[in-house]
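Enquirer: Right, I'll just put the structure down here and ask away after.
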Amino acid sequence: MSKVIKANNLSKVYDLGLVGTGTLFKDLNRSWAKLRGKPDPYATLVELNDRTQKGLSNMVYALKDINFSVDQGEVLGIIGKNGAGKSTLLKILSHITTPSTGTVKMKGRVASLLEVGTGMHPEMTARQNVFLNGSLMGMRRNEIKSKLEEIIDFAGILKYIDTPIKRFSSGMQVRLGFAIAAFLEPEILIVDEVLAVGDAEFQKKAIGKMQDVSKGEGRTVLFVSHNMASVQSLCSRAILMDSGTTVFEGNVSEAINRYLNIGSKAKFFIRKTPDESLDVSFQKIKVLNYDNQLCSEFTCQDNIRISFDFKIRIKENPYSIFVIIKNKRGAPIFSAETKITKPNHLLTIQKSFLVRGNYFIHSFIHIPKIIQIDVVEGVCPFNITDSTSSFAIHGNYDYGNVFGKYTWK
């Protein structure tokens with residue numbers, strides 16, 4: 001099968017706080033070195049993109065030495081924590097930005113859905129945007145017109161087809177953007193986490209369409225998501241990224257397992273270098289047993305305690321903490337929220353709730369319904385083990401993630 005994407009030693013360097021690559025002097029030096037076949041003269045000053053540590057240089061690798069290839073008709077999943085370099089890679093593949101070093105070769109037309117409203121003009125109507133995008137992809141007007149009805153039907157926006165895009169909600173924009181990208185028949189379809197904005201029904205439709213596009217039409221799909229269930233069901237192969245580098249490429253299940261274990265081997269989370277500009281930030285997160293000791297293994301009959309320590313710069317604050325317990329596939333199982341009133345909070349999850357399995361903590365500090373301030377994901381892994389007494393009470397609990405209280409009569 002032919003290769004439609006081939007990336008060789010892709011790297012992208014950013015100078016923190018600056019727009020572009022820095023000064024004109026640096027750009028000229030880089031260009032002169034590249035013409036002579038020499039390495040980037042500033043490469044020795046560049047550090048990996050580790051957000052938890054304060055660096056010695058302002059220059060970081062958003063991507064460093066990325067190599068991969070994709071076959072025609074393949075669905076490649078690209079996964080990793082926030083800041084791993086996924087979006088930067090997709091922007092290079094979509095020709096939105098250029099690599100600092102390395103090359104990428106692609107065969108065929110590319111359609112990308114990277115952010116809400118990507119590739120659409122807000123002042124133009126939905127109908128006009130369909131024709132605009134088709135024209136930019138090199139399609140003739142009659143070709144676009146033949147696809148218009150399918151796009152409108154898939155996006156479910158018939159009533160608003162002649163309404164300017166700026167009047168659309170984010171969900172409607174995503175629906176239209178995906179329908180345009182999928183139905184205008186690109187050889188390569190690139191989809192970022194933007195699908196998470198859509199509702200569950202549309203996400204299911206979108207995943208089904210991507211499967212049809214790859215298997216039925218032989219088109220190539222690059223899919224980025226934090227929803228591991230979607231990655232598992234859709235992708236035939238996966239790339240795991242961390243701090244701008246590729247740490248694994250291959251089997252989807254293995255990539256997901258490694259993703260869930262990145263930075264989560266410790267039983268507790270400690271913020272090494274707090275961001276002093278934040279009004280409220282995480283300092284420590286710990287999973288504790290009934291004796292308030294660090295613990296990572298519980299039976300189904302144990303209470304689980306999760307302690308949170310915060311750094312609070314202001315006494316009166318409008319912030320809340322939102323906590324999500326996720327299973328090993330990244331699916332959310334349980335959530336809790338409370339207003340942050342003191343530097344320490346303790347959440348207790350009652351016994352006989354979670355079934356046997358591996359779990360992680362995802363948490364963020366936010367102003368409700370407005371903005372997220374600080375995020376910690378995939379930390380403090382813990383395991384619910386088998387329990388004879390619990391098994392006798394609940395029966396076979398290998399299916400599902402929680403115990404539901406019920407009676408038969």
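The values are calculated or read from the model by the stated rules, or taken from the named source; none is laboratory data. Everything quoted here is computed from the prediction, not taken from an experiment. Virtual Cβ from ideal backbone geometry, glycine too; neighbours counted across all protein chains shown. Note: accessible area is taken over every heavy atom of the protein model, side chains too, but ligands, DNA and RNA are not part of it. Shrake-Rupley method; radii C 1.70, N 1.55, O 1.52, S 1.80 Å.
Enquirer: Output the number of the condition that residue 198 fails; it satisfies all remaining conditions of (1) buried (at least 18 other Cβ atoms within 10 Å of the Cβ); (2) small (Gly, Ala, Ser); (3) modelled with pLDDT of 85 or more.
Expert: That leaves (3) as the condition not met.
One line per residue, one yes/no per condition, for (1) open to solvent by less than 50 Å² (accessible area, probe 1.4 Å); (2) modelled with pLDDT under 90:
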residue	(1), (2)
94	yes, yes
98	no, yes
105	no, no
109	no, yes
117	yes, yes
120	yes, yes
125	yes, no
129	yes, yes
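Enquirer: List pairs: first residue in the stretch 207-225 and within 15 Å of residue 184 (Cα to Cα), second residue small (Gly, Ala, Ser) and modelled with pLDDT of 85 or more anywhere in the structure, Cβ distance under 6 angstrom, at least six positions apart or on different chains.
Expert: Qualifying pairs under 6 Å: 214/73; 218/73.
Enquirer: Within the stretch 204-227, which residues are over 20 Å from residue 94 (Cβ atoms) and under 15 Å from the mean Cα position of the chain (by Cα)?
Expert: Hit for the stretch 204-227 is 227, nothing else.
Enquirer: Tell me, which strands (runs of 3 or more DSSP E) wholly within the stretch 56-137 include 3 or more residues that are out of contact with any Lys or Arg (no Cβ under 9 Å at 6 or more places or on another chain)?
Expert: On the way: elements: 59-71, 75-79, 101-106, 110-113.
Strands (runs of 3 or more DSSP E) meeting the threshold: 59-71, 110-113.
Enquirer: Can I ask one more? Kindly list the number of the only condition in (1) open to solvent by less than 30 Å² (accessible area, probe 1.4 Å); (2) touching a residue at least 60 places away in the same chain (Cβ under 8 Å); (3) part of a strand (DSSP E or B); (4) more than 18 Å from residue 371 (Cβ to Cβ) that fails for residue 286.
Expert: The failed condition is (1).
Enquirer: Is it the case, given these coordinates, that residue 167 is free of Cβ contacts under 8 Å to residues at least 12 places away in the same chain, more than 18 Å from residue 231 (Cβ to Cβ), open to solvent by 10 Å² or more (accessible area, probe 1.4 Å) and among the basic types (Lys, Arg)? Show your work before the answer.
Expert: Working: free of Cβ contacts under 8 Å to residues at least 12 places away in the same chain: yes; more than 18 Å from residue 231 (Cβ to Cβ): yes; open to solvent by 10 Å² or more (accessible area, probe 1.4 Å): yes; among the basic types (Lys, Arg): yes.
When the stated conditions are applied, residue 167 passes them.
Enquirer: Hey, another quick one. What is the number of the single condition among (1) over 24 Å from the mean Cα position of the chain (by Cα); (2) open to solvent by less than 20 Å² (accessible area, probe 1.4 Å) that residue 296 does not meet?
Expert: Result: residue 296 passes all but (2).
Enquirer: Can you confirm whether the stretch 254-266 contains a residue that is at pLDDT below 85, open to solvent by less than 60 Å² (accessible area, probe 1.4 Å) and in contact with a Leu (Cβ under 6 Å, 6 or more places away or on another chain)?
Expert: Within the stretch 254-266, one or more residues are at pLDDT below 85, open to solvent by less than 60 Å² (accessible area, probe 1.4 Å) and in contact with a Leu (Cβ under 6 Å, 6 or more places away or on another chain).
Enquirer: Go over the candidates 322, 360, 364 one by one and state the one that is in contact with a Gly (Cβ under 6 Å, 6 or more places away or on another chain), touching a residue at least 24 places away in the same chain (Cβ under 8 Å) and within 24 Å of residue 275 (Cα to Cα).
Expert: The match here is 360.
Enquirer: While we're looking at this one, here's another question. Tell me which residues, restricted to the stretch 1-40, are at pLDDT below 65, open to solvent by 30 Å² or more (accessible area, probe 1.4 Å) and not β-branched (Val, Ile, Thr). Walk me through it before giving the result.
Expert: Pass one, the stretch 1-40, residues at pLDDT below 65: 1, 16-23.
Narrowing further to those that are open to solvent by 30 Å² or more (accessible area, probe 1.4 Å): 1, 16-21, 23.
Within the stretch 1-40, 1, 16, 17, 18, 20 qualify.
Enquirer: Next question, about the same structure. Can you find even one residue in the stretch 239-250 that is out of contact with any Lys or Arg (no Cβ under 6 Å at 6 or more places or on another chain), under 24 Å from residue 154 (Cβ atoms) and either open to solvent by less than 30 Å² (accessible area, probe 1.4 Å) or at pLDDT 85 or above (or both)?
Expert: Among the residues of the stretch 239-250, not one is out of contact with any Lys or Arg (no Cβ under 6 Å at 6 or more places or on another chain), under 24 Å from residue 154 (Cβ atoms) and either open to solvent by less than 30 Å² (accessible area, probe 1.4 Å) or at pLDDT 85 or above (or both), which makes the answer no.
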